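The values are calculated or read from the model by the stated rules, or taken from the named source; none is laboratory data. A quick note: this is a predicted structure, and the numbers were derived from the prediction, not measured. No Cβ is skipped: glycine too gets one built from the backbone with ideal geometry, and neighbour counts run over all protein chains shown. For accessibility, only protein heavy atoms count, side chains too; no ligands or nucleic acids. Shrake-Rupley method; radii C 1.70, N 1.55, O 1.52, S 1.80 Å.
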Amino acid sequence: MTTVYWDVTAACNARCVYCSAARSRALAGARASPFPASHALDDLCASGVASLVLLGGEPTLRPDLPALVREARGRGLEVGVATNGLALGKRLRRDLLAIGPISLNFSIDSIFSEENDRVRGSGCLDRALGHLRALLSERRALAAPMRVTIQATLTRVNLGRLEESLLRMHDLGVDGVLVDRMRAYAWQTPGARALAPDPGEWILGAVRVARAAAGVGEPGRIVLNYGAARLRDLLRRRHGFPAAVGRRCPGGLEAAVLGVDGRLHPCRHVLDCPVPRDARGSPWHAIDPPIAGGAGGADFLRSPYFVGFFNFAHSAETYARLRRCRECSHYLDCEPCPLDVRTHGERALAECIRLESGGLPPG
């Protein structure tokens, strides 16, 4: 086990239209209750977890965030915090900078306020950039070993000026800019789903990410967090963008999610993509999840819930229908999301199908 993504609070001070935080609060409902962080850390460390990424909601709204980060670091865990930056005031910045080597990842979708704030809420960009600039200045003054990055989510709103936006984000002095793409889910409002890029648009977005990375000229400074091996290979050959290494679904093996209610899941998408677990059609996630600091938490990787997901995700049955994958020259270097495959079949390969017919757009 490598990384656990921990939703440390359901509270949030932004209203991003595509975010699942509000849905997570509704799903947790009466089940959500405070559980001792130290007990959860006991279980995670006993299970061989090496790193934590603290999420929400908005983790900076949790009053004991510095203490939680400090305790996790004291146990030898690598720690990252994903924040919208809106509540990252001077005292909190000082406390986090004093802890030592940690990572802080700002969620900023565009350097242009009319684009960013349309998705995240009025005034969000100015507040986030103000705190980001102050943090970078304080980090320099203290020579603090904190890594500071920006995470941007590709939508139809920021696609048009994406390359310029990424270059200007990089010029702020951050250690990296990471780009993921918005996913559309049935629980989102129709207006939110309309912002999700289609396969052609997320391919175009990837090309613009690669062009921005070439403009920076330093490998690893602008990073693409989505895309199958075929797309990565085309980006490497046309734009010199590093190709993806071989990968397999990490759910239940290299990654897990700890919800605000204490329940542990092998993947964040398990509640969005219900799939059959057996011939009777019983959904595998009907099994009770283990609970950090509670039932099954100390050995959660061996729980029926995690074992069931791992067996499902890596079964031949899951990929039996993907003829295109088996015939692809990138087959051994790539794997589509098993939840997408079971839910959508070959529609999960829309990106690759588009590339087969049209190749890369000029950008």
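Worth pointing out:
- Looking only at region 88-109, residues that are surrounded by fewer than 17 Cβ atoms within 10 Å (Cβ to Cβ) and part of a loop (DSSP other than H, G, I, E, B) come to 4 in all.
Yes or no, residue by residue, for (1) among the charged types (D, E, K, R); (2) modelled with pLDDT of 95 or more; (3) open to solvent by 30 Å² or more (accessible area, probe 1.4 Å):
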| site | (1), (2), (3) |
| --- | --- |
| L159 | no, yes, no |
| R168 | yes, yes, yes |
| G173 | no, yes, yes |
| A186 | no, no, yes |
| T189 | no, no, yes |
| A192 | no, no, no |
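- You will find that of V53, V148, V79, the residue that is surrounded by 22 or more Cβ atoms within 10 Å (Cβ to Cβ) and of a type outside the set (F, W, Y) is V79 and no other.
- With respect to the stated conditions, E356 is open to solvent by 30 Å² or more (accessible area, probe 1.4 Å) and either modelled with pLDDT under 80 or part of a helix (DSSP H, G or I) (or both).
- Selection within region 140-185: residues that are basic (K, R) and part of a strand (DSSP E or B). The member of this set that is farthest from V119 (Cα to Cα) is R147.
- Within region 121-170, considering residues that are among the acidic types (D, E) and closer than 29 Å to R183 by Cβ, the one nearest to the chain's Cα centre (by Cα): E163
- Where a residue in region 128-146 is in contact (Cβ under 8 Å) with a residue 24 or more places away in the chain and among the small types (G, A, S) and its partner, wherever it lies, is open to solvent by 40 Å² or more (accessible area, probe 1.4 Å) and assigned to a helix (DSSP H, G or I), with Cβ under 8 Å and at least six apart: A134/K90; A144/E138
- Inter-residue pairs, beta-carbon under 6 Å, first in contact (Cβ under 8 Å) with a residue 12 or more places away in the chain and within 15 Å of H39 (Cα to Cα) and in region 253-264, second among the charged types (D, E, K, R) and not in a loop (DSSP other than H, G, I, E, B), 6+ apart: G259/D7; V260/D7; D261/R31
- Residue count, region 10-46 (criterion: at pLDDT 90 or above and either among the β-branched types (V, I, T) or more than 22 Å from L88 (Cα to Cα) (or both)): 9
- Failed item, numbered, when H131 is tested on (1) of a type outside the set (S, T, Y); (2) surrounded by fewer than 16 Cβ atoms within 10 Å (Cβ to Cβ); (3) in contact with a Gly (Cβ under 7 Å, 6 or more places away or on another chain): (2)
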